[in-house]
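Please read the structure below before turning to the comments.
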Amino acid sequence: MALRVIGLVIPSGATAFKAVNVAQKAGVHTSSVRSLRYGWLAYALGERTTPRLKQNSKIITLDGNLSSGKGALAQKLADKLGMLYMPEPDTFYLDKMTGEKEPLPVDFNGMCSLEKFYADPKAADGNGYRLQMWMYTMRLLQYADALEHLLTTGQGVILERSPFSDTVFLEAMFKEGYIRKECVQHYNEIKGISICEFLPPHLVVYVDLPAEDVQKKLKQSGKSYLQNVPLTYLKSIEDSYKKSFLPKISETSEVLAYDATQAQDVERVVEDIDYLKFEKGPWLEQDDVTYHHMRMLVEDKQKVATLTHIPKFLPEITIGAHDYDEKYYAYKSLPGKKYAPGYNADVGDKYIWLK
């Protein structure tokens, strides 16, 4: 049985997005499963997206190598432009979506580890590619959250990286011999049938920091697993950005590039963004009908996650049926997981019989 990276329970619609910051309390007819969702009826009754879109109703991604300073710039830009800042997702992003008080075990989060990857990038158990595939799925879910927020509220969103730029890590891993050619083929097939469902960022801001400087910053960080990241791997990421990703994304998105020093001048970056005309890309072709279909997709996180599933055997991401059942029932035995949200007496849900 192929490992289904999102094989358990994901909250859908606005509930999923709000769960990152807001913990809902169940009550009479007020559980998360009773939350109203945007749908065809709302559209038929006249709800439209275009009236709420303003000048800064944009999706902006900050890209760059590890520790390049993109996170700090993203936060400052969001504050200056009145946009929502969404930090880069980690392997436990799904737990934030489901509102977990503490991260669940890795068995329920892709069965992979970032720390293990940097300690042993060629691990024989396939951790490297499981991590890559899981992170692509997390980026896809976060990007769906960003689109849902933009189309629902009109507020623009700034993210660190995106599923569009995720490929730079795949290319670097393959170049360094961390993953097999079959993994690259699988990834490209998955990305080919999933990324086409989403509109690209309006703008990509690239922060350029030479790989040698990146390595120095990593060695000075407090994270022990980042102390020995190979320079060749960091160079491969840098090369993939400059030779592959940036030329490709510039066909559909605006691109601004700064070195690490220039990126500290937030006022300059804001001024450069203001001068952009945003005259290319598929966003120009959208109308209320296409926005409606996009909203229907991005609010259904289970459907978004299913885009990354294909019936293909690959040892790195394949587990047996018995192992899958064991993990599934282990998950269901956790507090509040046996039934749908709002229907679990073991975590204090009340008035279940009235729902």
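Taking a ≥ b ≥ c as the square roots of the eigenvalues of the alpha carbon gyration tensor, segment 128-264 is oblate, as a/c is not under 1.5 and a/b does not beat b/c. Whole-Hz Karplus values for segment 41-50 come out as 5, 4, 5, 5, 7, x, 6, 10, 8, 4 Hz, taken residue by residue from phi with 6.51 cos²θ - 1.76 cosθ + 1.60 and θ = phi - 60°; glycine and proline positions read x. First compute the accessible area of the chain with a 1.4 Å probe, then give the percent of it belonging to carbon and sulfur atoms. Ligands and nucleic acids excluded, carbon and sulfur give 55 percent. Packing-based ranking of 153-166, 255-268, 73-86 yields 153-166, 73-86, 255-268, ordered from highest to lowest mean Cβ neighbour count within 10 Å. Charge dipole of segment 52-330 (Cα centre as origin; +1 on each Lys and Arg Cβ, -1 on each Asp and Glu Cβ, all else neutral): 300 debye, rounded to the nearest 20.
For LEU84, the residues 5 or more places off, or on other chains, whose built amide H falls under 5 Å of its own are GLY156, VAL157, ILE158. Close amide H partners of ASP349, meaning residues 5 or more places away or on another chain with modelled amide H under 5 Å apart, are ASN344.
Can you give the relative contact order of the chain as a percent, counting alpha carbon pairs under 8 Å and 6+ residues apart? With pairs under 8 Å counted, the relative contact order is 30 percent.
Peptide packing: for 312-319, 119-126, the average count of neighbouring Cβ atoms within 10 Å per residue gives the ranking 312-319, 119-126, highest mean first. Could you let me know the centre-to-centre spacing of segment 38-56 and segment 135-164, using Cα atoms, in angstrom? Using only Cα atoms to place each centre, the spacing works out to 18 Å.
Which value in deg cm²/dmol, rounded to the nearest 500, describes the helix-derived mean residue ellipticity at 222 nm for the chain, given -39,500 (n - 2.57) per DSSP H run of n ≥ 4 and division by the residue count?
-12000 deg cm²/dmol
Among the listed pairs LYS116/LYS191; LYS76/LYS280; LYS76/LYS303; LYS58/LYS301; LYS277/LYS301; LYS181/LYS280, a Cα-Cα separation exceeding 28 Å is found for LYS76/LYS303; LYS277/LYS301; LYS181/LYS280. Between the alpha-carbon centres of segment 178-215 and segment 279-355 there is a gap of 23 Å.
Which entry is the computed Cα extents along the principal axes in Å for this structure: [x] 72, 59, 48; [y] 58, 47, 38; [z] 61, 52, 36? Read-out taken from this structure: [z]. Scalar couplings 3J(HN,Hα) for segment 316-331, obtained by applying the Karplus form with A = 6.51, B = -1.76, C = 1.60 to θ = phi - 60°, are 4, 10, 10, 10, x, 4, 5, 5, 5, 4, 4, 6, 4, 6, 5, 5 Hz; x denotes Gly and Pro.
The values are calculated or read from the model by the stated rules, or taken from the named source; none is laboratory data. From a predicted model like this one, the values you see are computed outputs, not experimental measurements. So basically every Cβ, Gly included, is an ideal-geometry build from the backbone, and we count neighbours across all protein chains shown. Only protein heavy atoms, including side chains, enter the accessible area calculation; ligands, DNA and RNA are left aside. Shrake-Rupley method; radii C 1.70, N 1.55, O 1.52, S 1.80 Å.
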